[in-house]
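Asks: Structure in structure tokens, see below.
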Amino acid sequence: MLWGCFSAKGTGRLIRVKDRMNGAMYCEILSQNLLPSVRTLKMKRGWVFQHDNDPKHTARATKEWLRKKHLKVLEWPSQSPDLNPIENLWRELKVLALVLPLIIPFFLTVFAGLPVSFNVSFKAAEGHPVDLYYLMDLSYSMKDDLANVQVLGTDLFAALRKITNHARIGFGAFVDKTVLPYTNTNKKKLKKPCDENDQQCQPAFGYRHVLSLTPNKNDFEAEVKKQFISGNLDSPEGSLDAMMQAAVCEDKIGWNSNSTRLIVLTTDAGFHMAGDGKLAGILEPNDEKCYMENNLYVKSTEMDYPSVGQLAMQLEKNRIQTIFAVTQNVESVYKELSKMIPKSEVGVLSSDSKNVVQLIERAYNALSSKVTITHDNLPEKVRVVYRPICRNGEKSEKEGVCDQVHVGDEVIFEITVTADTCMENKFFTISPRGIKDTLTVTINTTCKCQCDTAGPIIDPHPHCNMSGSISCGICSCKDGHVGQFCNCKIGNKQEHTLRASCQKDNGTECEGRGDCVCGRCECHNTDSGSQYYGPYCECDDDHCEKFQNQQCGGKGRCKCGKCECNSGFEGSACQCKTSDEACRTVNNSVCNGRGICKCNQCECKGGYQRPHCLECPGCTDPNCIECLGFESGPFKKNCSEACKTISSTIVKEAFTLSPKECKQKDSEGCWMTFKLVQLVGEDNYKAEIMIKRDCPKPPNVIAIIGGSIAAVALIGILLLMLIKLLLYMKDLKEFRKFENEKKKSKWAEVRHHSELFVQTEIAVTHFRLVSLDSDCVGFMLI
């Protein structure tokens with residue numbers, strides 16, 4: 001068979017390929033001939049490759065080689081027995097023509113300080129390729145969602161086919177950093193962070209790339225079915241880590257350089273951001289680089305989470321649009337995040353992710369129908385303003401943004417460029433956000449007049465009122481004449497004197513908004529077409545203060561930079577009603593006489609509260625109440641003078657005033673009950689005082705003294721009893737000790753065996769008194 005390539009630029013090498021050849025040998029031929037031919041013809045990526053269903057063409061080695069080279073392969077037509085290079089090819093070439101990055105050079109020559117405008121049109125293309133990377137939270141709370149996503153491939157591809165015939169889908173998963181306090185680092189829990197009864201559980205991980213972008217739905221379903229749920233400790237997840245790696249690892253994910261790139265993030269929890277890594281002692285900031293090895297993010301535990309700003313910059317740099325498919329409990333969190341990430345949408349996910357396909361469809365339509373023009377590499381001192389003209393000629397209020405742009409619709413952006421200084425060959429790019437097409441604008445400024453000296457000099461010239469000649473395109477006036485057309489005759493006056501009369505307070509001539517002609521300012525037009533006015537062109541009717549995004553709030557007209565309000569309105573932007581209805585109280589007083597009504601609101605004096613300058617909800621000093629109600633206290637002698645701002649009434653049973661009831665203690669220690677209300681005006685009060693005071697009874701001196709003596713005596717008795725008890729306890733302890741010692745003694749053994757012990761013998765002699773006679777007494781021994 002013969003093999004070769006051709007394009008509008010010529011033909012490449014023609015190679016004869018043997019029929020008996022394996023895939024590896026065929027890949028060698030492709031490598032040696034196909035790629036050099038492409039480089040020779042300078043086709044870059046704007047080409048397709050087609051071969052028949054020969055075994056060497058469909059071999060695994062061939063498919064793998066083509067996939068690694070990211071080559072666009074057109075399938076062999078099922079009805080074609082012979083290879084026809086043009087058959088079924090035209091549609092593919094049209095798509096490639098649409099999606100190839102369009103780089104348009106545009107050269108702009110401007111005068112320094114003067115704006116120059118040009119138009120750029122944009123038309124939405126049909127069938128633009130879409131790369132969708134499905135990034136899923138695999139923490140334990142997403143268990144039900146994973147089961148539904150595993151059978152999602154067919155429905156998801158069917159939805160993408162409605163958008164384009166060139167759709168690819170990939171898959172990635174994330175949980176969180178595998179360190180405390182995000183994940184349980186116990187070896188057993190790290191290996192199986194799920195419930196003990198859950199057998200299908202994979203070890204915790206930060207981010208894993210599962211499937212590169214592929215047009216095969218079966219590959220998607222097969223890889224997703226291999227995934228199991230995992231788990232972590234805290235509620236926020238490492239979703240920003242995963243998104244950053246998916247954005248910067250372009251080769252790993254397999255992003256097509258010319259496709260619409262989408263990341264769909266599904267989760268039911270919030271996210272960690274820069275600084276949270278300090279909780280785990282991770283201090284190294286995220287450097288926005290790819291660290292994928294064996295499809296795992298290997299710097300997860302070494303590098304902090306990215307900031308929202310870092311992520312937004314990388315997503316925009318890599319032209320990635322984001323769809324946040326989140327549960328309702330975190331919808332508000334991701335809506336705030338979406339405001340900071342360009343080209344992103346938020347959709348509410350059902351509890352089990354069954355509605356994710358419909359959600360992606362809606363979000364993609366919202367993203368694709370919004371066209372936003374931005375610029376990059378803008379030189380210093382260059383300003384760019386976008387004025388979009390959207391569908392049906394409607395002008396958008398958003399600068400550089402058109403909404404509801406459908407396939408086939410064309411929108412125009414009027415671009416105004418102003419270079420404030422002189423520059424040469426400075427350039428910047430303009431592009432639609434999310435699309436690789438760019439307009440490269442090269443700026444050159446003209447700072448010197450390029451005069452035409454070829455023609456004869458006419459002096460005097462009719463264009464200069466016969467009072468001067470044309471030099472370098474403008475009038476060069478004779479002495480005694482000045483002005484743009486030499487139409488001002490100054491006589492003996494000096495020109496600088498006339499020019500000084502065009503300057504306000506020694507400022508800029510005509511405020512930079514007009515020309516000084518014969519000592520008077522001739523004013524230019526404003527950007528809106530109206531004219532500056534005033535002696536020094538200091539006034540215009542386009543730059544008054546706005547309220548609710550309307551000049552003068554829509555309730556007045558702008559006159560020389562200040563609002564002239566319609567009847568019934570006032571304020572710097574006519575934002576206030578002159579009516580004082582909102583300041584009036586139930587008694588028809590304005591701010592209760594304690595403030596002024598300004599902009600239909602009370603501005604209260606010190607110590608009073610809005611909205612109607614009411615008094616503070618506390619009770620007043622009791623001295624006046626005591627002297628007015630009971631003729632006692634510190635103000636007793638001059639009560640009428642000290643308390644003249646309070647009119648009082650004595651009540652016996654019930655109060656008639658509505659404020660809260662106050663209780664205060666007077667100088668005699670009695671409790672006074674009263675109500676106090678502030679009347680209209682300042683220092684004007686009315687009080688109602690209950691006639692009966694609650695006074696405490698005087699102390700019983702005898703009872704106090706007797707009680708004190710009894711208490712002292714009782715304490716003494718108790719102390720004596722305590723001492724007696726302690727002595728008794730001590731004696732009892734000694735007695736028991738003695739008894740124990742006594743029981744332990746062995747006196748009998750000592751008596752029989754001790755040599756020191758001698759048995760004693762006792763003899764007792766008894767005498768008996770005997771009376772012998774009356775004179776003698778005798779004793780007898782018995």
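Asks: Residue by residue through the stretch 252-283, note down the ones that are of a type in the set (Asp, Glu) and touching a strand residue (DSSP E or B) at 6+ places or on another chain (Cβ under 9 Å).
Replies: Asp268
Asks: For the stretch 236-251: of the residues being in contact with a strand residue (DSSP E or B) (Cβ under 7 Å, 6 or more places away or on another chain) and over 14 Å from Val175 (Cα atoms), which is surrounded by the fewest Cβ atoms within 10 Å (Cβ to Cβ)?
Replies: Among those residues, the one meeting the criterion is Cys249.
Asks: Could I ask something else about it? Among the strands (runs of 3 or more DSSP E) confined wholly to the stretch 468-548, which include 2 or more residues that are of a type in the set (S, T, N, Q) and surrounded by 14 or more Cβ atoms within 10 Å (Cβ to Cβ)?
Replies: 468-471
Asks: Could you tell me whether any residue of the stretch 554-563 is out of contact with any helix residue (DSSP H, G or I) (no Cβ under 9 Å at 6 or more places or on another chain), assigned to a helix (DSSP H, G or I), modelled with pLDDT of 80 or more and not basic (Lys, Arg)?
Replies: There is at least one residue in the stretch 554-563 that is out of contact with any helix residue (DSSP H, G or I) (no Cβ under 9 Å at 6 or more places or on another chain), assigned to a helix (DSSP H, G or I), modelled with pLDDT of 80 or more and not basic (Lys, Arg).
Asks: Turning to a different aspect of this structure: Would you pick out the residues in the stretch 577-594 that are buried (at least 20 other Cβ atoms within 10 Å of the Cβ) and either touching a helix residue (DSSP H, G or I) at 6+ places or on another chain (Cβ under 9 Å) or aliphatic (A, V, I, L, M) (or both)?
Replies: Listed by number, the residues that qualify are Cys583, Cys591.
Asks: Which members of the stretch 418-439 meet the condition of being among the polar types (S, T, N, Q) and either closer than 20 Å to Glu399 by Cβ or in contact (Cβ under 8 Å) with a residue 60 or more places away in the chain (or both)?
Replies: Thr418, Thr421, Thr429, Ser431, Thr438
Asks: Give me the pairs: first residue in the stretch 217-241 and assigned to a helix (DSSP H, G or I), second residue among the hydroxyl-bearing types (Ser, Thr, Tyr) and crowded, with 24+ Cβ neighbours inside 10 Å, beta-carbon distance under 6 Å, and six or more apart or on different chains, which are they?
Replies: That search, which allows pairs on different chains as well, returns Ser239/Thr267; Leu240/Tyr305; Asp241/Tyr207; Asp241/Tyr305.
Asks: Return the residues of the stretch 662-695 that are at pLDDT 80 or above, assigned to a loop (DSSP other than H, G, I, E, B) and not hydroxyl-bearing (Ser, Thr, Tyr); say none if nothing qualifies.
Replies: If the condition is that a residue be at pLDDT 80 or above, assigned to a loop (DSSP other than H, G, I, E, B) and not hydroxyl-bearing (Ser, Thr, Tyr), then Asp666, Glu668, Gly669, Cys670, Ile691, Lys692, Arg693, Cys695 are the ones that fit.
Asks: Pull out all pairs, ordered by first then second residue, where Cβ-Cβ is under 9 Å, the residues are six or more apart or on different chains, the first lies in the stretch 330-359 and is farther than 14 Å from Met142 by Cα, and the second is of a type in the set (Asp, Glu) and in a helix (DSSP H, G or I).
Replies: Short answer, once both residue conditions are applied: Ile341/Glu316; Pro342/Glu316; Lys343/Glu316; Val346/Glu331; Gly347/Glu331; Val348/Glu331; Val357/Asp155.
Asks: Just for the stretch 666-710: of the residues that are in contact with a helix residue (DSSP H, G or I) (Cβ under 6 Å, 6 or more places away or on another chain) and among the β-branched types (Val, Ile, Thr), which one is farthest from Thr649 (Cα to Cα)?
Replies: Val680
Asks: Could you tell me which of the residues Ser235, Ser239 is touching a Gly at 6+ places or on another chain (Cβ under 7 Å), under 20 Å from Thr301 (Cα atoms) and among the hydroxyl-bearing types (Ser, Thr, Tyr)?
Replies: That would be Ser235, the only listed residue that is touching a Gly at 6+ places or on another chain (Cβ under 7 Å), under 20 Å from Thr301 (Cα atoms) and among the hydroxyl-bearing types (Ser, Thr, Tyr).
Asks: Would you check which residues across the stretch 639-665 are touching a helix residue (DSSP H, G or I) at 6+ places or on another chain (Cβ under 7 Å) and of a type in the set (Ser, Thr, Tyr) and list them?
Replies: Within the stretch 639-665, just Ser648 meets the criteria.
Asks: Sticking with this structure for a sec: Looking at the structure I just gave you, is Asp304 in the same structural domain as Asp145 (by TED's automatic domain parsing), assigned to a loop (DSSP other than H, G, I, E, B), among the acidic types (Asp, Glu) and at negative phi?
Replies: So Asp304 passes the test.
Asks: I want to confirm something. Restricting to the stretch 159-203 and keeping residues that are touching a helix residue (DSSP H, G or I) at 6+ places or on another chain (Cβ under 8 Å) and β-branched (Val, Ile, Thr), which single residue is nearest to Gln227 (Cα to Cα)?
Replies: Applying the filter and picking the extreme gives Ile169.
Asks: Within the stretch 610-626, is even one residue at pLDDT below 85, in contact with a Lys or Arg (Cβ under 6 Å, 6 or more places away or on another chain), farther than 30 Å from Ile691 by Cβ and surrounded by 18 or more Cβ atoms within 10 Å (Cβ to Cβ)?
Replies: yes
Asks: Just a yes or no: is a residue in the stretch 367-376 more than 27 Å from Val130 (Cα to Cα) and surrounded by fewer than 13 Cβ atoms within 10 Å (Cβ to Cβ)?
Replies: Checking the stretch 367-376: not a single residue is more than 27 Å from Val130 (Cα to Cα) and surrounded by fewer than 13 Cβ atoms within 10 Å (Cβ to Cβ).
Asks: Starting from residues that are assigned to a loop (DSSP other than H, G, I, E, B) and of a type in the set (Gly, Ala, Ser), keep the ones in the stretch 641-661 and report whichever is modelled with the lowest pLDDT.
Replies: Among residues in the stretch 641-661 that are assigned to a loop (DSSP other than H, G, I, E, B) and of a type in the set (Gly, Ala, Ser), the one modelled with the lowest pLDDT is Ser658.
Asks: For the stretch 257-271, which residues satisfy the criterion of being more than 18 Å from the chain's Cα centre (by Cα) and aliphatic (A, V, I, L, M)?
Replies: Across the stretch 257-271, the qualifying residues are Leu262, Ile263, Val264.
Asks: Residue by residue through the stretch 563-576, note down the ones that are over 36 Å from the mean Cα position of the chain (by Cα) and either more than 30 Å from Tyr532 (Cβ to Cβ) or surrounded by fewer than 16 Cβ atoms within 10 Å (Cβ to Cβ) (or both).
Replies: Passing the criteria: Glu564, Asn566, Ser567, Gly568.
Asks: While we're looking at this one, here's another question. Just for the stretch 636-662: of the residues that are touching a Phe, Trp or Tyr at 6+ places or on another chain (Cβ under 8 Å) and touching a residue at least 40 places away in the same chain (Cβ under 8 Å), which one is surrounded by the most Cβ atoms within 10 Å (Cβ to Cβ)?
Replies: So, considering only residues that are touching a Phe, Trp or Tyr at 6+ places or on another chain (Cβ under 8 Å) and touching a residue at least 40 places away in the same chain (Cβ under 8 Å), the one surrounded by the most Cβ atoms within 10 Å (Cβ to Cβ) is Ile646.
Asks: Let me ask something else. Can you name the number of the only condition in (1) in contact (Cβ under 8 Å) with a residue 12 or more places away in the chain; (2) assigned to a strand (DSSP E or B); (3) outside the structural domain of Leu679 (by TED's automatic domain parsing) that Ile596 fails?
Replies: (1)
Asks: Also: Just to be sure before I move on: is Ile253 modelled with pLDDT of 90 or more and either touching a Gly at 6+ places or on another chain (Cβ under 8 Å) or small (Gly, Ala, Ser) (or both) in the structure I sent?
Replies: The answer is yes for Ile253.
Asks: Just wondering, is there one or more residues in the stretch 386-407 that are exposed (fewer than 14 other Cβ atoms within 10 Å of the Cβ), at pLDDT 85 or above and not charged (D, E, K, R)?
Replies: no
The values are calculated or read from the model by the stated rules, or taken from the named source; none is laboratory data. Not measured: the values here are computed from a predicted model. Neighbour counts are summed over all protein chains in view; Cβ atoms, including those assigned to glycine, are modelled from backbone coordinates with ideal geometry.
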